[in-house]
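Here, each number is a calculation from the coordinates, and none is a lab measurement. Please read all numbers here as calculations on a predicted model, not as lab measurements. Cβ sites come from the backbone with ideal geometry, for glycine too, and all protein chains shown count toward neighbours.
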Amino acid sequence: MITNIVKRDGAVVKYDRERIESAVFRAAVSNKIAAPKDFSINVSEKVEELLNDNYTQNDFPTVEDIQDIVEQVLMKMGQGVVAKDYILYRNQRAMERSARASDFQVTDMVPYKKIYEVLWWNMANKCTNIGELNKIIEAGRFESFSILCEKRYEDEVLQASLKILDRIADLKLIIVAGPSSSGKTTTARNLQGFLKSVGVKVKTINVDNYFFDKETHPCDEFGDFDYERPQALDLALISNHLNELIKGNKIFMPFYDFVTGKRTLNATEFSIDDDELILIDSLHGLYDEMTKSIPNYKKFKVYIECLGQFQDMENIFLRWSDNRLLRRMSRDRLSRNMSIEGTLTHWHYVRKSELQDIIPYIHEADAIINTALPYEFAFWKKYLFDELAELKSSYIDDPKRLDAHIRVNRVYKFLEKIAPIDDVLIPKDALICEFMGS
């Protein structure tokens, strides 16, 4: 039986079915459903049944997961109007939380000031939703618009670089962190390129080499390994090696073979000069155990996220995690020999780790960079849509894959109305290239 859930701030709290009943009851009353109390109890029981089928006592659903399942149950009951009202209620509550926030350190760990800036940029450039993006495509302005979007991202990288220069006298370590497919690799490269252009020397460490052997990671009944948690990495060794490097000592880094899933210790000699900085690009760069040996004043922390404010044809904002899921589907297929389906069915591990081990540390950041690009959805329509259509009916009767079923239908529906594009040239250093195998 389900016992706990994960709140938006990553906290684990006791599961309470009455909270589901209350939200559904409000939507039922609003739509004049007969016997709304009985209706809400019936819905909550169906939701709880699916939760018990889909989650274990050690694998807790998030608030977002539960709300998705409520919507799914309502739709299967033929209560589309009630489901729509429930969705509007969710959005209203989100806006209320937003209105209470005045800085980026907020209860929901969302940088509200930043996302307001993103929204205003979209409004100023007339691309706040799919309809406006389609007008850009149909008017033949897609290529120039993509360049404009990349310029906005590059400006944010520049601002973060200038903040680094302000503290350059004390710094020894630059950390680029953030959830999966947020654009860390490209951003780390761009930061390093700018710093090099002004005479700052930077060396990168690939922390992926510090993975423990694959066989040590938890494996589920489908043969899928959970390597998304920070504990999948040898955090103590990373911290020790960083400390030795900053002291001026050389280290011998391990090497991780992703084909065999095995790590070789003491594989590569590595050192830095006195005037060099270290840069690490990692999902868990802000997780304290990774860099706890380094004093905080010697670290500059950059947090990367798709902070998009882009709406579908029904004026519902695309989730940031869905934006990144589309990116990862493309990247995994082209660069990591994984099918779209494989990425989709692994994504619940990604989200669980993000909510517990990545997003809660956003308040640690010295700079936040938004990598959402409104133009990118036209590419995902072109390169992913047909395969998403084939998966649309998958797992419909499999409670253990309900999460995947909900997600694939949500991103399919989002992409469905986007106008087609012809082959379009984008700069070879564009952020989106990180996810397109080039």
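What number, in percent, do you get for the relative contact order of segment 102-438 if the mean sequence gap of Cα pairs under 8 Å and at least 6 apart is divided by its residue count? Present the calculation step by step, with values, prior to reporting the outcome.
Numbers: 513 pairs, mean separation 85.8, N = 337.
That works out to 25 percent.
May I ask for the angle, rounded to the nearest 10°, between helix 142-166 and the longest principal axis of the chain, with both axes built from Cα atoms and the value confined to 0 to 90°?
With both axes taken from Cα atoms, the answer is about 50 degrees.
Going down the table (262/301; 163/298; 46/76; 163/299), which pairs top 22 Å between alpha carbons?
Over 22 Å apart, Cα to Cα: 262/301.
Using only the Cα atoms of segment 114-230, construct the convex hull and provide its projected area averaged over every direction, in square nanometres to one decimal. Don't skip to the end; give the middle numbers.
Working: hull surface 46.7 nm².
Over all viewing directions, segment 114-230 projects a mean Cα-hull area of 11.7 nm².
As a test, work out the antiparallel percent of DSSP beta bridges whose residues both lie in the chain, rounded to the nearest 5.
Working: 13 of 34 bridges.
Looking only at bridges with both residues in the chain, the antiparallel portion is about 40 percent.
For Cα pairs less than 8 Å apart in space and 6+ apart in sequence, what is the mean separation divided by the residue count of segment 191-319, i.e. the relative contact order in percent?
Result for segment 191-319 is 26 percent.
As I understand it, the value is the acute angle between the Cα axis of helix 63-76 and the longest principal axis of the Cα atoms of the chain; what does it come to in degrees, rounded to 10?
That helix lies at roughly 30 degrees to the long axis.
Quickly estimate the mean residue ellipticity at 222 nm for the chain, helices only: each DSSP H run with n ≥ 4 gives -39500 (n - 2.57), and the total goes over all residues, rounded to 500.
Numbers: 14 runs with 205 residues, N = 438.
When only DSSP H runs of four or more count, the value is -15000 deg cm²/dmol.
Averaging sequence separations of C-alpha pairs under 8 Å and six or more residues apart, then dividing by the length of segment 1-100, give the relative contact order as a whole percent.
Details: 96 pairs, mean separation 31.9, N = 100.
32 percent.
From the square roots a ≥ b ≥ c of the eigenvalues of the alpha-carbon gyration tensor of segment 1-100, which class results: rounded (a/c under 1.5), prolate (a/b over b/c), or oblate? Display every interim value, and only then the final one.
On the way: a/c = 2.02, a/b = 1.22, b/c = 1.66.
Oblate shape, in that a/c is at least 1.5 and b/c is the bigger or equal ratio.
Tilt of helix 17-30 relative to the longest C-alpha principal axis of the chain, in degrees (0 to 90, nearest 10)?
That helix lies at roughly 60 degrees to the long axis.
My understanding is that a pair violates if its Cα-Cα distance is over 28 Å; which of 201/292; 7/214; 172/428; 7/114 do that in this structure?
7/214; 172/428
For the chain, which span is the longest to avoid every loop-located (per DSSP) member of GluC sites (Glu not before Pro) having at most 12 other Cβ atoms inside 10 Å? Could the numbers behind the result be given before it?
Numbers: sites that count: 221, 314.
It runs 1-220.
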